[in-house]
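> Sharing a structure below in structure tokens format, with a few things to ask.
The values are calculated or read from the model by the stated rules, or taken from the named source; none is laboratory data. Since this is a predicted model, take the numbers as computed values, not measurements. Don't worry about glycine lacking a Cβ; one is built from the backbone with ideal geometry, like all the others, and counts go over all protein chains shown. Just so you know, the surface numbers come from the protein's heavy atoms only, side chains and all, with ligands and any DNA or RNA stripped out. Shrake-Rupley method; radii C 1.70, N 1.55, O 1.52, S 1.80 Å.
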Amino acid sequence: MYSSPLYRPPSEARSLIIQLTEGCSYNKCTFCGMYKTKPFRIRTEQEIIDHLNYLKSYDPNPSKIFIADGNFLCLSTDKILHYLDKVKASFPNATRISCYGGPLDLNRKTPEELLTIRQSGMDMLYLGVESGSDEVLKLINKGVTAHEMTIAGQKAMAAGFILSCMIISGIGGKPLSEKHALESAKVISAIDPQFMALLTLHVEDNTPLKDDILEGKFESLTPDEIMVETYQMIKHLQLTHCTFRSNHVSNYVNLKGVLNQDKDTVLKQIESAMKSKDYTPEYFRRI
Ligand code: SF4
């Protein structure tokens, strides 16, 4: 009933995954291999009915739901509302529904459309910001500028979604590391989301970025350089009350706290990790 590969954010590990679309309609980010083997498509009405019936028999009362695959929000607002109704009718006791929310899809929708989607039951979005630097966003072919990314995040916040923003440490390589740190801090601060996840670049074989590395066009950061970049980014963040997590299997060091209130503690954790060099071994890291 699922089309593989299937992805969800780490924090949705206990959620019921409902797959209404397959793949990513954009699928051009150079670092992302998630859906490179899977063409984008919207499942048919009958497939969705069968999928929901199957999931009801398997898990009739989930508390949280994540709608896959990569960008459910690329659908027309009418279709999104139609499918949200079906999901809610199948699982009326679910307390949270979430999905990935790409910047291009968010910016294509009006504030009113986003508000309607939010009020119709979509509670939380995961926005892959990746970087706040124009140069890095261009390098990874994200399809938006830092300004457009900021607008996308701010629109999601204004519509009342719970927003989790993801940044990838090391995504700019060595030459852009400092810009990536400072400008990502600027974009995340301007969005001021409730959650921020900091992953670390781990390049998969089936990606254009891997080819760049093999051709010597992209120089990855060492664990020490990742720590310097992370320190700079955290130091410059200005957030109201953001649950910060950097405890993914891709990270060299586990960090967590509420920003800005725990900023000094998190910075001390980074200093201590750099002294001890107790980094997650390379063979253990994944994205
Ligand atoms: S990072 Fe997101 S938007 Fe980019 S190709 Fe992967 S799934 Fe699509």
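> Divide, for segment 41-109, the radius of gyration over alpha carbons by 2.2 N^0.38 Å, where N is the residue count. Walk me through the numbers before you get to the answer.
Working: Rg = 12.4 Å, N = 69, 2.2 N^0.38 = 11.0 Å.
Dividing the Cα radius of gyration by 2.2 N^0.38 Å gives 1.12.
> Less than 10 Å Cβ to Cβ from E12, Lys/Arg counted +1 and Asp/Glu -1: what total charge do the surrounding residues give? Show your work: numbers first, answer last.
Numbers: positive: R8, R14, K64, R96; negative: none.
Every neighbour counted, the sum reads +4.
> To the nearest 500 deg cm²/dmol, what mean residue ellipticity at 222 nm is calculated for the chain from DSSP H runs of n ≥ 4 alone, each contributing -39,500 (n - 2.57), summed and divided by the residues? Before the final figure, lay out each step's value.
Numbers: 10 runs with 112 residues, N = 287.
Helices in the chain give a 222 nm mean residue ellipticity of -12000 deg cm²/dmol.
> Net charge near S177, counting Lys/Arg +1 and Asp/Glu -1 over other residues with Cβ under 9 Å of its Cβ?
Working: positive: K174, K179; negative: E178, E225, E229.
Charge balance near S177 sits at -1.
> Which whole-number value in Å² is the accessible area per residue of the chain, probe 1.4 Å? Show your work: numbers first, answer last.
Values: 13090 Å² over 287 residues.
Value returned for the chain: 46 Å² of accessible area per residue.
> Please count, across segment 1-156, the pairs of lysine residues with Cα atoms under 17 Å apart that sit 8 or more places apart or on different chains.
The result is 13.
> Using a Gaussian network for the chain with springs between C-alpha atoms less than 10 Å apart, which of these wobbles most: A197, A152, A13?
A13
> Also: Please find, in a Gaussian network model of the chain (springs between Cα atoms separated by less than 10 Å), the residue of Y58, Y100, Y83 whose mean-square fluctuation is greatest.
Highest fluctuation of the listed residues: Y58.
> Then there's this: Measuring from centroid to centroid over Cα atoms, what is the spacing of segment 178-257 and segment 5-20 in Å?
Cα centroid of segment 178-257 versus Cα centroid of segment 5-20: 22 Å apart.
> Which residue, chosen from H82, N61, G153, occupies the Cα position most advanced towards the positive end of the dipole of the chain, where the dipole is computed from +1 (Lys, Arg) and -1 (Asp, Glu) charges on Cβ about the Cα centre?
N61
> Follow-up question, since we're still on this one. Taking only the alpha-carbon positions of the chain and ignoring solvent, what does the Debye formula give for the base-10 log of I(q)/I(0) at q = 0.08, 0.12, 0.16 Å⁻¹?
Each listed q corresponds, in turn, to -0.34, -0.76, -1.30.
> Further question on the same structure: Under 17 Å between alpha carbons, and skipping anything fewer than 8 positions from K263 in its own chain: which lysines qualify?
K186, K235
> What shape does segment 1-75 take by its C-alpha gyration tensor, where a ≥ b ≥ c are the square roots of the eigenvalues and a/c under 1.5 counts as rounded, a/b above b/c as prolate, and the rest as oblate?
Values: a/c = 2.32, a/b = 1.45, b/c = 1.60.
Note, shape of segment 1-75 comes out oblate.
> Rounded to the nearest 20 Debye, what is the dipole magnitude of the chain about its Cα centre when Lys and Arg each give +1 and Asp and Glu each give -1 at the C-beta? Before the final figure, lay out the partial values.
On the way: 33 positive and 34 negative charges, 99 e Å.
Dipole size: approximately 480 debye.
> Hey, another quick one. Write out the trypsin sites (Lys or Arg not before Pro) in segment 144-248 meeting two conditions: DSSP loop, and at most 11 other Cβ atoms within 10 Å of their Cβ. Each step should come with its number before you reach the end.
Working: sites: K155, K179, K186, K210, K217, K235, R245; in loops: K217.
Passing sites in segment 144-248 are K217.
> Taking all protein chains as present, what is the carbon and sulfur share of the accessible area of the chain, in % to the nearest whole number, probe 1.4 Å? Before the final figure, lay out the partial values.
Numbers: 6840 of 13090 Å².
Ligands and nucleic acids excluded, carbon and sulfur give 52 percent.
> Follow-up question, since we're still on this one. Where does each of T150, T116 land when they are ordered by accessible area, with a 1.4 Å probe and the largest first?
Numbers: T150 20, T116 55 Å².
The ranking, largest first, comes out as T116, T150.
> Follow-up question, since we're still on this one. Comparing D105, D59, D69, which has the greatest mean-square fluctuation in the GNM of the chain with Cα pairs linked when under 10 Å apart?
D59
> Also: Over the chain, what is the mean sequence separation of C-alpha contacts under 8 Å (at least six apart), divided by residue count, expressed as relative contact order in percent?
On the way: 534 pairs, mean separation 41.2, N = 287.
Averaging sequence separation for qualifying contacts and normalising by length gives 14 percent for the chain.
> Which percent of Cα pairs goes in each bin when the distances of segment 163-234 are cut into 10 angstrom slices starting at zero?
In whole percents, the pair-distance histogram is 20, 48, 28, 5.
> Pull up the DSSP beta bridges for the chain and report the antiparallel fraction as a percent, rounded to 5.
Details: 7 of 33 bridges.
Among the beta bridges of the chain, antiparallel pairing accounts for roughly 20 percent.
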